[in-house]
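Structure, as structure tokens:
The values are calculated or read from the model by the stated rules, or taken from the named source; none is laboratory data. Keep in mind the model is a prediction, meaning the values are calculated, not measured. Cβ: placed from backbone, ideal geometry, glycine included. Neighbour counts: every protein chain shown. When the accessible area is computed, the model is the full protein with side chains, heavy atoms only, and any ligands, DNA or RNA have been set aside. Shrake-Rupley method; radii C 1.70, N 1.55, O 1.52, S 1.80 Å.
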Amino acid sequence: MAAAYRLQAGDLTGWWRWVNPAHQARGVRPDGEVFLDAVAQVQLAGWCRVPAGHLARALPSWGGGSEMLAGYGGDGQGWVRWRTGADQWGPVVFGCRLCTARRGGAGVSWVYRARWQRLCTDHGRWLLDVGGGHVLEGLAVGPLAGELGRAQRRWACLARAGLDAGGAGGAPVEVFALARAVVCGWWELEAFGERERVWGRRLEQVVAAT
């Protein structure tokens, strides 16, 4: 937003009072996020020329600042604070650059995305966690895109069915986390790696596509 006005970010952030200002020398994590109180939200919406209601629908954590900044404010000036890492809105992953470019953006983007929503079905890319200690943003899954897309859609149906059933046997997120932990545990077993004949070849297909 600062760039759109040909300003430095500090020219805008200086309008707010910070509960915990980020140390620029240390830098900010890619999944770092700024939470704003009601006054700061009004200011931001005005600078963007986008109604606050639109921002609330587009940004899952928009309303999180009200609770997080309770006890601050009251002096007519906006209050904000940094928060890093995944929260109740889900893990932060790199967005698909091709989707970003199609919408007129450029460069790196980040999105909240659950572990069962990592495939960009439009471009066949598996989106990776931010802060995973690697330089990759995503992997082209090549010939496996169709199969992964079907699995992703089927899981969404299964999750909805679980919620409709009142979460019997565990909430969908808990069931998925358990299944993922089991599969990851298999890969750590030497005996499993010796017997396995399918997934190594599939991994090679992904590497070749990337």
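The chymotrypsin sites (Phe, Trp or Tyr not before Pro) found in the range 68-116 that occupy coil by DSSP, while having at most 15 further C-beta atoms within 10 Å, are 89. Across the range 101-210, the convex hull enclosing all Cα atoms gives 145 Å³ per residue.
Treating only the Cβ of Lys, Arg, Asp and Glu as charged (+1, +1, -1, -1), what charge dipole size does the chain show about its Cα centre? Round to the nearest 20 debye. Display every interim value, and only then the final one.
Values: 24 positive and 18 negative charges, 128 e Å.
Here the chain has a charge dipole of around 620 debye.
For the chain, the Kirkwood estimate of the hydrodynamic radius, built from every pair of different alpha carbons, is 20.3 Å. Residue by residue, the range 63-71 carries 3J(HN,Hα) couplings of x, x, x, 4, 6, 5, 10, 4, x Hz when phi is fed to the Karplus relation 6.51 cos²θ - 1.76 cosθ + 1.60 (θ = phi - 60°); x denotes Gly or Pro. Once backbone amide H atoms are built at 1.01 Å from N, residue 110 has 95 as its partners under 5 Å, excluding neighbours fewer than 5 places away on the same chain.
Working note: Karplus 6.51/-1.76/1.60 with θ = phi - 60° gives the range 99-110 the couplings 5, 4, 5, 5, 8, x, x, 8, x, 7, 10, 10 Hz, where Gly and Pro are set to x.
Other residues within the sphere of radius under 15 Å centred on the Cβ of residue 38, judged by their own Cβ, net out at -1 (K and R +1, D and E -1). Amide H to amide H distances under 5 Å link residue 17 with 78, 79, 80, where only residues 5 or more positions off or on other chains count and H is placed in the peptide plane.
Quick one: angle between helix 172-187 and the longest Cα principal axis of the chain, in degrees between 0 and 90, rounded to 10, please. The answer is roughly 50 degrees.
Solvent-accessible area assigned to carbon and sulfur over the chain amounts to 57 percent, based on a 1.4 Å probe. Applying a 4.7 Å Cβ-Cβ cutoff to the chain leaves 48, 157, 184 as cysteine residues with no disulfide-compatible partner.
Computed per residue of the chain from DSSP H runs no shorter than four, each worth -39500 (n - 2.57), the mean residue ellipticity at 222 nm is -12000 deg cm²/dmol.
Taking the charge dipole of the range 1-131 about its Cα centre, with +1 at Lys and Arg Cβ atoms and -1 at Asp and Glu Cβ atoms, the residue from 108, 50, 91 reaching farthest to the positive side is 108. Quick one: helix 199-209 against the long Cα principal axis of the chain, what's the angle to the nearest 10°, folded into 0 to 90? Tilt relative to the chain: about 50 degrees.
Tilt of helix 38-48 relative to the longest C-alpha principal axis of the chain, in degrees (0 to 90, nearest 10)? Between helix and principal axis, roughly 80 degrees.
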